[in-house]
Amino acid sequence: MLVSGNRRRLQGEWRLLQKSIGISAVHMQLLSNNKVVIFDSTDFGRSNLSLPGGHCRYVPSDLVSREDCSAHSVLYDIGSNTFRALMLQTDPWCSSGAVLSDGTLVQTGGFNDGDRVVRTLAPCTGENCDWVEHNRTLIQRRWYSTNHILPDARIIVVGGRRQHNYEFYPKISGLSAFRLKFLSDMRDGDHENNLYPFVFLLPDGNLFIFANTPAIILDYKRNKVVRKLPSIPGGEPRNYPSTGSAVLLPLDENRPMESEIMVCGGAPRRAFGLTAHGVYMNALSSCGRIIISSHRGRWKMETMPTPRVMSDMVILPNGDILIINGAAMGTAGWENARQPVTTPVIYRPNRKQNNRFSVMEASPRPRVYHSTAILMTDGRVLIGGSSTHKYYNFNDVEFPTDLSLEAFYPPYLAPEYEHLKPTILSIDEILIYKKPFSVTFTLPRPLSTGTVSVKIIAPSFTTHSFSMNQRMVVLKGVAAVTASSNTYTFTAYGPSTTEIAPPGYYLLFVVHADIPSSGIWVQIQDQKCCRTRVGSFKNSLLLEDPTRSPRVLDFV
């Protein structure tokens with residue numbers, strides 16, 4: 001019989017990493033050098049972290065501090081559990097992002113003077129590397145928009161506040177954006193509920209776009225909606241500010257390819273308006289799954305152990321889904337929620353329907369509005385943010401600004417499973433589409449037959465309860481071969497197509513008996529697509545004429 005300490009470990013563990021990093025983790029992105037880019041807003045006032053070397057921002061358009069000598073972005077080093085300040089000139093609040101195939105983070109839009117800015121940050125090891133900002137690069141203002149990397153390594157930027165259109169980075173049609181009537185149709189008046197739309201690249205190359213309650217399949221190459229999907233049952237919105245979350249369930253190359261989307265939580269349609277009157281409606285407890293390859297596309301509904309709004313969904317290396325952060329009442333926005341839900345839930349998509357949710361150990365800290373969660377290289381989940389107020393208010397509010405970082409340890413990291421955990425010894429760091437590669441790993445005990453798989457995960461740009469670009473692919477594999485005592489070589493194949501896994505950096509995990517190894521960075525390259533194009537992306541910014549007026553093409 002397990003003692004109480006063991007039982008707690010099997011429900012996950014929490015550890016405080018940093019009591020304060022000086023800013024709030026409103027946005028997070030893991031880079032391929034094992035560092036995490038974190039930032040909030042330049043219009044919240046002075047943070048609790050000074051810029052190094054006496055540097056300051058002097059911005060007449062700033063809404064709080066025209067002179068600001070504090071940082072609003074940091075680079076967190078996972079291995080050393082340290083961080084350093086980065087410099088931002090313009091406001092990236094409520095923005096979006098994606099990582100190019102060379103590992104460079106492209107972050108788009110924001111608020112105030114940052115709404116048409118593109119910012120880039122390349123993985124680096126030196127102390128001088130920092131954000132590079134390109135003003136007036138976006139065609140339209142982008143605030144609360146969604147980014148997704150495409151098979152040809154471009155980025156599509158979809159929607160945003162009062163922006164019912166999409167554009168590409170780098171631009172492909174001069175200074176043009178493409179109208180998307182679906183987004184304007186899904187607007188709920190002043191509350192919108194169509195912001196941060198859920199966007200996923202499907203294996204056929206089209207995009208799944210969910211806003212408010214329904215979804216469409218968009219052929220972005222022809223600027224055409226090729227299919228309309230039914231609304232999620234219940235008729236209640238799932239996007240900001242009702243703020244549910246969504247995930248593309250793992251794609252498996254060992255089976256006939258099937259894409260399935262899961263949407264969980266949110267808030268009733270009236271919830272946002274009622275908070276102004278001190279009324280906090282119960283959040284939604286339902287999740288819906290829809291198989292896109294199915295001709296009719298029917299939602300199948302499930303119920304979470306507790307209602308949740310503003311929760312994050314993180315794909316774990318073994319294919320489970322972690323649902324974490326959020327509240328049981330209210331909606332997104334400062335002080336608009338009550339009853340924080342501090343217990344994470346692990347959802348196991350391949351179990352029978354009534355046996356998929358498991359409640360984990362509670363966190364000692366509430367994480368509500370502006371909280372984030374991302375997967376780290378070693379299988380832990382990095383948690384930060386919550387209630388980033390103007391002036392970084394720590395007093396006289398229901399939920400003070402939280403500047404800390406925590407790590408959640410899923411059950412597979414418990415000592416009880418060490419005997420099942422693989423350790424990767426060697427691997428090809430460059431993977432080519434459809435080409436075989438080998439990974440050698442060890443196990444403390446002999447291999448359990450037929451229980452090994454190789455999985456890759458694209459790290460996400462996470463903000464406002466949505467993990468942009470997050471996807472897992474189970475690679476096609478061949479049975480492991482014993483090389484020596486408890487050492488094995490497993491042969492797998494690179495992804496079949498760029499639509500299944502766009503070129504770029506992924507974390508690769510060997511999973512044995514549902515227990516994953518630590519992740520190893522691999523770069524997936526398409527010899528026909530993107531290896532020679534990456535360098536030209538940054539140079540394309542120099543060709544734009546910021547004095548020309550943008551236009552929107554009315555295609556869809």
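The values are calculated or read from the model by the stated rules, or taken from the named source; none is laboratory data. Because the structure is a prediction, the values reported are computed rather than measured. Here the Cβ is made from the backbone with ideal geometry for all residues, glycine too, and neighbour counts use every protein chain on show. Heads up: the accessible areas ignore ligands, DNA and RNA and are worked out on the full protein's heavy atoms, side chains in. Shrake-Rupley method; radii C 1.70, N 1.55, O 1.52, S 1.80 Å.
Can you say whether LEU201 is more than 18 Å from TRP299 (Cα to Cα), touching a Phe, Trp or Tyr at 6+ places or on another chain (Cβ under 9 Å) and at pLDDT 95 or above, as far as the supplied structure shows? So LEU201 fits the description; yes. Taking the range 485-499 only, how many residues are in contact (Cβ under 8 Å) with a residue 60 or more places away in the chain and either under 27 Å from PRO92 (Cβ atoms) or open to solvent by less than 10 Å² (accessible area, probe 1.4 Å) (or both)? The number of residues fulfilling the criteria is 2.
For the range 124-139, filtering for residues that are under 28 Å from GLY159 (Cα atoms) and either open to solvent by 30 Å² or more (accessible area, probe 1.4 Å) or outside any loop (DSSP other than H, G, I, E, B) (or both) leaves 6.
Condition test on ASP40, is it out of contact with any Gly (no Cβ under 7 Å at 6 or more places or on another chain), open to solvent by less than 10 Å² (accessible area, probe 1.4 Å) and of a type in the set (Asp, Glu)?
Working: out of contact with any Gly (no Cβ under 7 Å at 6 or more places or on another chain): yes; open to solvent by less than 10 Å² (accessible area, probe 1.4 Å): yes; of a type in the set (Asp, Glu): yes.
The answer is yes for ASP40.
Enumerate the strands (runs of 3 or more DSSP E) found wholly within the range 168-210, keeping only those where 3 or more residues are outside the structural domain of SER496 (by the TED database) and either more than 14 Å from TYR144 (Cα to Cα) or basic (Lys, Arg) (or both). The strands (runs of 3 or more DSSP E) meeting that bar are 176-179, 207-210. Taken over the range 183-196, the criterion of being in contact (Cβ under 8 Å) with a residue 24 or more places away in the chain and either open to solvent by less than 20 Å² (accessible area, probe 1.4 Å) or over 18 Å from PRO268 (Cβ atoms) (or both) is satisfied by LEU183, GLU192, ASN193, ASN194, LEU195, TYR196. If only residues of the range 301-344 that are touching a Cys at 6+ places or on another chain (Cβ under 9 Å) and outside any loop (DSSP other than H, G, I, E, B) are counted, the one that is farthest from PHE200 (Cα to Cα) is THR303. Within the range 255-281, residues that are open to solvent by 60 Å² or more (accessible area, probe 1.4 Å) have Cβ atoms under 6 Å from residues that are β-branched (Val, Ile, Thr) in these pairs: PHE272/THR331, counting only partners at least 6 apart in sequence or on another chain. Take the conditions buried (at least 16 other Cβ atoms within 10 Å of the Cβ), touching a Ser or Thr at 6+ places or on another chain (Cβ under 9 Å), at pLDDT below 95 and not assigned by the TED database to the domain that holds ASN33 and apply them to PHE537. Does it pass? Here the answer is yes, as PHE537 does meet what is asked. With respect to THR275, is the statement that it is within 15 Å of PHE357 (Cα to Cα) and not in a strand (DSSP E or B) true? Considered against the rule, which asks whether it is within 15 Å of PHE357 (Cα to Cα) and not in a strand (DSSP E or B), THR275 comes out as no.
When you scan the range 53-69, how many residues do you find that are of a type outside the set (A, V, I, L, M) and either in contact with a helix residue (DSSP H, G or I) (Cβ under 6 Å, 6 or more places away or on another chain) or part of a loop (DSSP other than H, G, I, E, B) (or both)?
Narrowing the range 53-69 to residues of a type outside the set (A, V, I, L, M): 53-58, 60-62, 65-69.
Applying the additional criterion that residues be either in contact with a helix residue (DSSP H, G or I) (Cβ under 6 Å, 6 or more places away or on another chain) or part of a loop (DSSP other than H, G, I, E, B) (or both) yields 55-56, 60-62, 65-66, 69.
Counting residues in the range 53-69 that are of a type outside the set (A, V, I, L, M) and either in contact with a helix residue (DSSP H, G or I) (Cβ under 6 Å, 6 or more places away or on another chain) or part of a loop (DSSP other than H, G, I, E, B) (or both) gives 8.
Taking the criterion of being open to solvent by less than 10 Å² (accessible area, probe 1.4 Å) and either at positive phi or more than 18 Å from the chain's Cα centre (by Cα) (or both), the residues of the range 102-123 that qualify are GLY103, GLY109, GLY110, GLY114, VAL117, VAL118. Residues that are touching an Asp or Glu at 6+ places or on another chain (Cβ under 9 Å) and open to solvent by less than 40 Å² (accessible area, probe 1.4 Å) within the range 509-522 comprise ILE515, GLY519, TRP521, VAL522, listed in sequence order. Just so you know, in the range 170-182 the residues that are surrounded by fewer than 24 Cβ atoms within 10 Å (Cβ to Cβ) and not small (Gly, Ala, Ser) include one that is farthest from GLN470 (Cα to Cα), and it is LEU175.
Figure legend. Inter-residue proximity from the range 467-484: first residues on the phi < 0 side of the Ramachandran plot and outside any strand (DSSP E or B), second residues buried (at least 21 other Cβ atoms within 10 Å of the Cβ) and aromatic (Phe, Trp, Tyr), beta-carbon distance below 6 Å, spacing 6+ or different chains. Indicated pairs: ALA480/TYR488; ALA480/PHE490.
When each of GLU335, GLU361 is tested for being among the acidic types (Asp, Glu), open to solvent by 10 Å² or more (accessible area, probe 1.4 Å), closer than 14 Å to GLU406 by Cβ and more than 19 Å from the chain's Cα centre (by Cα), the lone residue that passes is GLU361.
For ASN469, the conditions (1) within 16 Å of the chain's Cα centre (by Cα); (2) among the polar types (S, T, N, Q); (3) open to solvent by less than 10 Å² (accessible area, probe 1.4 Å) all hold with the exception of (3).
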